[in-house]
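Worksheet: the structure to be examined is printed underneath.
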Amino acid sequence: MSQLPDPYAAGPGQEASQPPADLGYGQQPGYGQQPGYGQQPGYGQQPGQGYGQPYGQQPGEAYSQPPGPGYTPAPPVPAEYGYGQNPNIVPQGMYFDQLSGLNLPDGTQLASVGRRIGGYFLALPLAIVTLGIGYVVWGLIVWGNGQTPALQVLGMRVWRPETNKVAGFWFMTLREIVGRIVDGILSFITLITSFVLFVAGNKHQALHDSIAGTVVLYDPDKVLAS
């Protein structure tokens, strides 16, 4: 029997060649890659640079964004801004009265207890002098200005804190008719109750004032006349 020649045997003047390494069944070398040839570093990546490290950054250097040119920190928010802001905002031409807790027009003040009591006792002689009917007519005229005849003589005016305006005709009607009926509805009991509320309260509101939502101001310079 004849023997086939060994293809890897050394010929004359040649060294013997080694057979190729076993790549496994059906396994071929990767496209463009030589068996055993090392992989080149990624594009733009220096040898020894870790995967995912930003380009141009040295190993071990922390990544940070440099501040933009001309950047200045925002100013701190004032304490009175937004939440916790002082609710007592005084409108122009008014001032905050510490005793009553109300915003009152400049040039006026809350009428004192003594002046209010003086107005109450003045109403009776004025009604007698004007024969009663004259007092009623006088009252209907000055109600539109937030006054009664006695309040007008003593320089006082009825004020509505809710709207920051002088009480008009209809609120004076509510105060002087409905309020006075409530004052005397139980005679002595309601009169005493009204007087105690008027003297003890910081706004000096009697029952008829509470019903109409009014207070009485002393206006010596007639700043509320207009």
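The values are calculated or read from the model by the stated rules, or taken from the named source; none is laboratory data. Model, not experiment: these values are computed from the prediction. Positions of Cβ are backbone-derived with ideal geometry, glycine not excepted, and every protein chain shown enters the neighbour counts. Keep in mind that these areas ignore ligands, DNA and RNA; they rest on the heavy atoms of the full protein, side chains included. Shrake-Rupley method; radii C 1.70, N 1.55, O 1.52, S 1.80 Å.
Just subtract the alpha-carbon distance of THR193 and ILE177 from 0.36 nm times their residue separation and send over the number in nm, one decimal.
Values: separation 16, 0.36 × 16 = 5.76 nm, distance 1.80 nm.
Working it through step by step, the gained length comes to 4.0 nm.
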### Query
How much accessible area does LYS222 have with a 1.4 Å probe, in Å² rounded to the nearest 10?
140 Å²
### Task
Between ASN103 and VAL223, with labels modelled 7 Å along Cα→Cβ, what's the label distance in nm to one decimal, could you check?
1.4 nm
### Task
Collect residues whose amide H, placed 1.01 Å from N in the peptide plane, falls under 5 Å from the amide H of GLN109; neighbours closer than 5 in sequence don't count.
TYR218
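Go ahead and run the numbers for FRET between LEU131 and ILE89, Cβ-Cβ distance against an R0 of 41 Å, rounding to 0.05.
Details: r = 49 Å, r/R0 = 1.19.
Here the calculated transfer efficiency is 0.25.
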### Query
Can you list residues whose amide H is under 5 Å from THR214's amide H, if they're 5+ apart or on another chain and H is modeled 1.01 Å from N?
none
#### Entry: Alpha-carbon centroid distance for the pair the stretch 170-194 / the stretch 128-164, whole angstrom
16 Å
### Task
Please work out whether the stretch 150-226 counts as rounded, prolate or oblate from its C-alpha gyration tensor, where a ≥ b ≥ c are the square roots of the eigenvalues and a/c under 1.5 means rounded, while otherwise a/b larger than b/c means prolate and anything else oblate?
prolate
### Message
If you roll a 1.4 angstrom probe over the protein chains with everything in place, what fraction of the accessible area of the stretch 86-213 belongs to carbon and sulfur, to the nearest %?
### Response
69 percent
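Let's see if you can work this out: charge +1 on each Lys and Arg Cβ, -1 on each Asp and Glu Cβ, no other charges. What is the dipole magnitude of the stretch 136-208 about its Cα centre, in debye to the nearest 20? Write out the running numbers ahead of the final one.
Working: 6 positive and 3 negative charges, 33 e Å.
Here the size comes out at about 160 debye.
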### Summary
Residues whose built amide H sits under 5 Å from the amide H of MET94, excluding neighbours closer than 5 in sequence, are ASP106
### Query
So how far apart, in nm, are the two label points at VAL113 and TRP170 if each is 7 Å from Cα heading toward Cβ?
3.5 nm
